[in-house]
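Scroll down for the structure; my scribbles are underneath it.
The values are calculated or read from the model by the stated rules, or taken from the named source; none is laboratory data. All of these numbers come straight from a predicted model, not from anything done at the bench. For neighbour counting, all protein chains shown are included, and Cβ atoms are generated from backbone atoms with ideal geometry for every residue, glycine included.
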Amino acid sequence: MATEQPTQSLPQGVYLEKDIDAGELTVNIGPQHPSTHGVLRLITTIDGEVVRDIEPVIGYLHRSKEKMAESRSLFQYQPTIDRVEYLSAFFDHYVFVTSLEQIAGLKVPKRMQYVRMITMELNRIASHLLWFGTFLLDLGATSPMFYAFRDREKIFSLFEQLTGARMMYNYYRFGGANADMPEGWLEGALDFCDDFEQRIDEYEAIVTKNPIFLDRTVGVGVVDAETLIAHGVTGPTLRGSGVALDQRKDNPYCCYDEVTFDVPVGQNGDCYDRYLVRMAEMRESLKIIRQAVRQIPGGDTADLMRRRAEGDEAANDIELQIAGQKINLLTYKAPPGEVMTTVESPRGFLGCYLITDGTPKAYRCKWRGASFSNLTVLPLLMKGRLFPDLMAIFGSIDVILPEVDR
């Protein structure tokens, strides 16, 4: 015989005249946290789920990059600068070798200027792809990361053919490069451009109008242009707030004044606009690469098979070594001078301020990393925001810790 369950009178809800005062809590995010993408510590003060204050603690990846330039010859120092911003190593090398070229009065051949432009734009796409994949991963989307890494591998394959390395390329040299492009390399770069243009359409079809992605990014991390300029913020973070500041347009280097491209800008200065700017920048990089491949002056390509076959013979030919050693790289003394070279890296203004005093070593080598300035605006963006928005806002800035700590 079934019995009837007793009915219970449950409260319909609890209503308070004021919020519960739970007190402030200080928590550490990092320095070993997957979403900081490096050894960054964020001392975060929260009240419930609201962030009251956030203090970035840096220095865990300091490697004395600037001091190393004063204790090594200019040519010994050059291979180490790949690590200043390892995701954009071509940009590191460009500002350093260009600074010395200007001091020494070296003229770079037009063909080499185009090669540098092509490799830097490919490097920009590779860097933005890593940002795209990890940014979406931090927001809970796994598939875009695999798609981004798939296409990034194609760029790495091109770099490996050109330099022998997938990262830390050490390819540029004072006045030129280590070697010319191998036969068929430009065609491979064009093939990548044709394929990747379709991939960007697929990325945006998956992400750009996704309702969950819109909820996590639209209206989140809004910042005005005046605040960013006051903090020295550059790159896509600044352009996302409507400022069309780009070194490639405002202070052209290489052959950027010989190609046509647009500078994408946002309107609202939120995480969503910063995402749109970077996606549009990858399309513009494809336009630049295609124009550069069409316009690059002619020249011999490197015969890698011949170089490998003749390597041992050339290494043992003393007369060849003496004839080829026009400059002793360890004792070369650059003329006294000072110059500041800047470049538009994937994160903003990357600069190298080089002072030489007539000795084989640099008197001073100061690096200006975009990530350092961009990180300073994070406390302003997070104050009063919900704690779950932290990774969306931090990811939209795209900070790389080696560039911050140096």
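So that you can scan it fast, the table gives a plain yes or no per residue for (1) crowded, with 20+ Cβ neighbours inside 10 Å; (2) at pLDDT below 90; (3) among the hydrophobic types (A, V, I, L, M, F, W, C); (4) over 21 Å from the mean Cα position of the chain (by Cα):
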{"residue": "Glu202", "(1), (2), (3), (4)": "no, no, no, yes"}
{"residue": "Ile212", "(1), (2), (3), (4)": "no, no, yes, yes"}
{"residue": "Glu226", "(1), (2), (3), (4)": "no, no, no, yes"}
{"residue": "Ile229", "(1), (2), (3), (4)": "no, no, yes, no"}
{"residue": "Arg239", "(1), (2), (3), (4)": "yes, no, no, no"}
{"residue": "Asp262", "(1), (2), (3), (4)": "no, no, no, no"}
{"residue": "Glu281", "(1), (2), (3), (4)": "yes, no, no, no"}
Would it be correct to say that Thr119 is within 26 Å of Leu186 (Cβ to Cβ), in a helix (DSSP H, G or I), touching a Ser or Thr at 6+ places or on another chain (Cβ under 9 Å) and free of Cβ contacts under 8 Å to residues at least 60 places away in the same chain?
yes
Report yes if some residue within region 82-104 is outside any helix (DSSP H, G or I), small (Gly, Ala, Ser), over 18 Å from the mean Cα position of the chain (by Cα) and surrounded by fewer than 19 Cβ atoms within 10 Å (Cβ to Cβ); otherwise report no.
no
When you go through (1) hydrophobic (A, V, I, L, M, F, W, C); (2) touching a strand residue (DSSP E or B) at 6+ places or on another chain (Cβ under 9 Å); (3) part of a helix (DSSP H, G or I) one by one for Ala179, which number turns out not to apply?
(3)
Is there any pair linking a residue in region 87-112 that is farther than 24 Å from Leu186 by Cα to one that is among the hydrophobic types (A, V, I, L, M, F, W, C) and modelled with pLDDT of 90 or more, with Cβ under 7 Å and at least six apart or on different chains, and which?
Phe96/Cys352; Ser99/Val339; Ser99/Cys352; Ser99/Leu354; Leu100/Leu354; Gln102/Val339; Ile103/Val339; Ile103/Leu354
Buried (at least 19 other Cβ atoms within 10 Å of the Cβ) and more than 26 Å from Arg290 (Cα to Cα): does that describe Phe135?
yes
Looking at region 44-74 only, could you name the residues that are in a loop (DSSP other than H, G, I, E, B) and either modelled with pLDDT of 90 or more or more than 23 Å from Gln32 (Cα to Cα) (or both)?
Gly48, Arg72
Candidate set from region 126-167 (those that are charged (D, E, K, R) and out of contact with any helix residue (DSSP H, G or I) (no Cβ under 6 Å at 6 or more places or on another chain)); member that is farthest from Glu284 (Cα to Cα)
Glu160
Does region 28-36 contain at least one residue that is more than 24 Å from the chain's Cα centre (by Cα), in contact (Cβ under 8 Å) with a residue 12 or more places away in the chain, assigned to a strand (DSSP E or B) and surrounded by fewer than 18 Cβ atoms within 10 Å (Cβ to Cβ)?
yes
I need the full set of residues from region 20-74 which are under 20 Å from Pro402 (Cβ atoms) and among the β-branched types (Val, Ile, Thr), in order please.
Ile29, Thr36, Val39, Val57, Ile58
Could you tell me which of the residues Gly242, Gly235, Gly188, Gly221 is of a type in the set (Gly, Ala, Ser) and touching a Cys at 6+ places or on another chain (Cβ under 6 Å)?
Gly221
Run down Leu354, Leu350 and say which single residue is crowded, with 22+ Cβ neighbours inside 10 Å, of a type in the set (A, V, I, L, M) and in contact with a Cys (Cβ under 6 Å, 6 or more places away or on another chain).
Leu354
Could you check region 202-275 for helices (runs of 4 or more DSSP H) lying wholly inside it with 1 or more residues that are in contact (Cβ under 8 Å) with a residue 40 or more places away in the chain and either under 25 Å from Ile289 (Cα atoms) or charged (D, E, K, R) (or both)?
211-217, 236-239, 247-250
Given (1) touching a strand residue (DSSP E or B) at 6+ places or on another chain (Cβ under 9 Å); (2) part of a helix (DSSP H, G or I); (3) not polar (S, T, N, Q), number of the condition Leu130 does not satisfy
(1)
